[in-house]
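Nothing in this text is a laboratory measurement; each read-out follows from the coordinates by a stated rule. A quick note: this is a predicted structure, and the numbers were derived from the prediction, not measured. Neighbour counts are summed over all protein chains in view; Cβ atoms, including those assigned to glycine, are modelled from backbone coordinates with ideal geometry.
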Amino acid sequence: MQRDFPFVDLCREWSREAGALIGPQARQAFFRERLPDLLRDGARWRAVLLALARGAGGGGETIFETEVVLYRDPARLFSLRIYLFGPGDHTPVHDHSSWGVSGPAFGELEVVRYRPAAEAGRLLALPPQRLRPGQIECTPALEEGIHRTGSPGPGATLMVSVYGTPQRRLYLQFYDPEGGPPRRVYPPRLKRKRLAARMLAEWDFAGRAACLERNSV
């Protein structure tokens, strides 16, 4: 839960300040200024790692296995999340449904952006960025922000991200840079909900079909 981590008071202050700003660009600029100092707060991040090592959970479901929600603003202005990468671990190539500001609190973070290639359906990897604690990068929402992040090795990396208000899309898209359509990936609870609804529809349809078949005999 969010109370397991030493961020609630700070994030409530951020909520008040960001809530007074108009528009996503102003809020993203606000977090570009605030996040670097937080990334350098080693004592706070060590406390987070200790809590996780003792089995603490996050504040909601996530798509990535090692993603933890530290705070989710009640008005959906922003969320604060971390990602833990082992040596050489990276996310799949993906996008997000909102802008993001990210950087490492521990270790080195590698960020690789992608752009459409001349050949339709393929993605071209741009030169990777390497960030150290206190350095940040900003990611646009949706297709403009296709990227992957992780540890270039040989050490582990703790990545911290602030994401803005999500657009009306309940999934991320994973991409194969070599081509093919993107794959929609939902949070586990939402995926279960969608599959259950689909199964109920198929169940009801099968039941109606069986009833019609019996009546026609």
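Computed from backbone phi, the HN-Hα couplings of region 35-52 come to 5, x, 5, 5, 4, 8, 7, x, 4, 5, 6, 5, 5, 5, 5, 4, 4, 5 Hz, rounded to whole numbers (Karplus: 6.51 cos²θ - 1.76 cosθ + 1.60, θ = phi - 60°; Gly and Pro given as x). Taking a point 7 Å out from the Cα of Arg169 in the direction of its Cβ, the residues of region 2-33 whose backbone N falls within less than 19 Å of it are 24-25, 28. With the simple model of a label 7 Å out from the Cα in the direction of the Cβ, Glu144 to Val185 spans 2.3 nm.
A convex hull fitted to the Cα coordinates of the chain yields 176 cubic angstrom per residue.
Given a Förster radius of 25 Å and the C-beta distance between Lys193 and Glu65 as r, what FRET efficiency does 1/(1 + (r/R0)^6) yield to the nearest 0.05?
Values: r = 20 Å, r/R0 = 0.80.
The computed FRET efficiency comes out at 0.80.
To the nearest ten degrees, helix 188-216 and the longest principal axis of the Cα atoms of the chain are 0 degrees apart.
Pull out the extension gain between Arg76 and Glu33, defined as 0.36 nm times the separation in residues minus the alpha carbon to alpha carbon distance; nm, one decimal. Don't skip to the answer; put the middle values down first.
Numbers: separation 43, 0.36 × 43 = 15.48 nm, distance 1.97 nm.
Gain on extension, Arg76 to Glu33, equals 13.5 nm.
Helix 8-19 and the longest principal axis of the Cα set of the chain meet at an angle near 80°. With the dipole of the chain worked out from charges on the C-beta (+1 for Lys and Arg, -1 for Asp and Glu) around the Cα centre, which of Trp99, Ala75, Ala47 lies farthest toward the positive end? Going by the Cα projections, it comes out as Ala75. Going from the fewest other Cβ atoms within 10 Å to the most, the residues Ser15, Ser79 appear in the order Ser15, Ser79. As a rough guide to protection, the peptides 81-88, 94-101, 22-29 ranked by mean Cβ packing within 10 Å, highest first, stand as 94-101, 81-88, 22-29. Projecting label points 7 angstrom from Cα along Cα→Cβ for Asp176 and Gln25 puts them 3.8 nm apart.
Below 8 Å between Cα atoms, with a sequence gap of 6+, how large is the relative contact order for the chain in percent? It would help to have the intermediate numbers written out before the result.
On the way: 413 pairs, mean separation 49.7, N = 217.
The normalised contact order for the chain reaches 23 percent.
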